[in-house]
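These notes are about the structure you will find just below.
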Amino acid sequence: MTSWLNITFAEFDRTLLEFFHEFALKCGDVLTPIAKFLSVTCDLPLLMIGWLGFVLFFVVKDKKLGMSMCGTVIIGAFLVTIVIKNIVYRPRPYVEVDMYKSWWEMFKMKADWDTSFPSGHACASMGGVTAFFMWSKKKKVAWLAFVYPLIIGACRLYLCVHYPSDILFGYLCGIASAFICIPCVKLIYFLMNKFPNNFFSRYCLTGTIKEQGK
């Protein structure tokens with residue numbers, strides 16, 4: 001699988017990594033700290049999109065949004081980190097290619113502990129935003145949220161810690177995670193409507209733990 005990825009996406013990966021490397025050479029003093037900071041917002045346990053879903057679950061009356069965002073991030077993390085990364089086991093670009101290693105060394109970053117394919121950052125950011133978009137009632141505005149995963153992906157390429165194909169497949173895993181999670185949330189709400197008088201059902205359906213009429 002790793003050999004197939006390296007051969008199939010060789011030109012695609014090299015072209016984009018070269019583009020971001022040239023960008024770093026020209027604007028590194030300004031953009032490097034920003035890229036590092038934004039990249040951290042998708043690191044566990046500082047995963048911003050997951051924490052946002054967690055907060056929305058407690059703040060917004062309609063709990064489906066927060067539940068879906070958190071659930072999507074969890075599904076994506078399991079799919080990418082536990083399953084696919086351990087099956088494909090693609091090394092980071094700075095491990096395999098000397099040229100990419102020299103580019104990565106510009107940023108003086110610690111080596112990542114896990115493998116490269118697919119990108120967990122891309123999966124988490126795209127998955128959470130996809131779940132947000134699917135539940136949003138204002139889709140003409142909500143689509144702007146997709147700027148966030150695109151920026152996260154660009155930051156990972158800028159820092160030379162992923163191949164572009166890692167980012168692409170990470171996005172696809174995130175979208176798939178959202179499409180897995182949304183029906184699960186709908187099923188949970190179906191069951192809660194059948195059994196509305198327990199603590200969790202009351203909180204999710206009405207936003208309060210108080211029984212109706214009390």
- Average accessible surface area per residue within the chain, 1.4 Å rolling probe, Å²: 56
- Cα to Cα, under 30 Å, and not fewer than 8 places away if on the same chain: which lysines meet these conditions relative to Lys137? Lys61, Lys63, Lys64, Lys186, Lys194, Lys210
- Computed [θ] at 222 nm, deg cm²/dmol, the chain (DSSP H ≥ 4; -39,500 (n - 2.57); rounded to nearest 500): -22000 deg cm²/dmol
- Item | Spatially proximal lysines relative to Lys108 (Cα-Cα < 25 Å; intrachain offsets below 8 disregarded) | Lys26, Lys36, Lys85
- Message: I'd like the Karplus ³J(HN,Hα) series for the range 79-94: coefficients 6.51, -1.76, 1.60, θ = phi - 60°, whole numbers in Hz, and an x wherever there's a Gly or Pro.
- Response: 4, 7, 6, 8, 9, 5, 4, 7, 7, 6, 6, 8, x, 4, x, 6
- Message: Suppose R0 equals 25 Å. What FRET efficiency, 1/(1 + (r/R0)^6) with r the Cβ-Cβ distance, do Val141 and Phe179 give to the nearest 0.05?
- Response: 0.70
- Item | For the range 186-197, 3J(HN,Hα) per residue [Karplus equation, 6.51 cos²θ - 1.76 cosθ + 1.60, θ = phi - 60°, Hz, x = Gly/Pro] | 4, 5, 4, 5, 4, 5, 5, 5, 6, 10, x, 9
- HN-Hα J couplings of the range 19-30 from phi, Karplus 6.51/-1.76/1.60, θ = phi - 60°, integer Hz, Gly and Pro as x? 4, 6, 5, 4, 4, 5, 5, 7, 10, x, 4, 8
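The values are calculated or read from the model by the stated rules, or taken from the named source; none is laboratory data. For clarity, every value in this text was computed on a predicted model and none was experimentally measured. Neighbour counts run over all protein chains shown; Cβ positions are idealised from the backbone, glycine included. Just the protein is used for accessible areas: all its heavy atoms, side chains included, with ligands, DNA and RNA removed. Shrake-Rupley method; radii C 1.70, N 1.55, O 1.52, S 1.80 Å.
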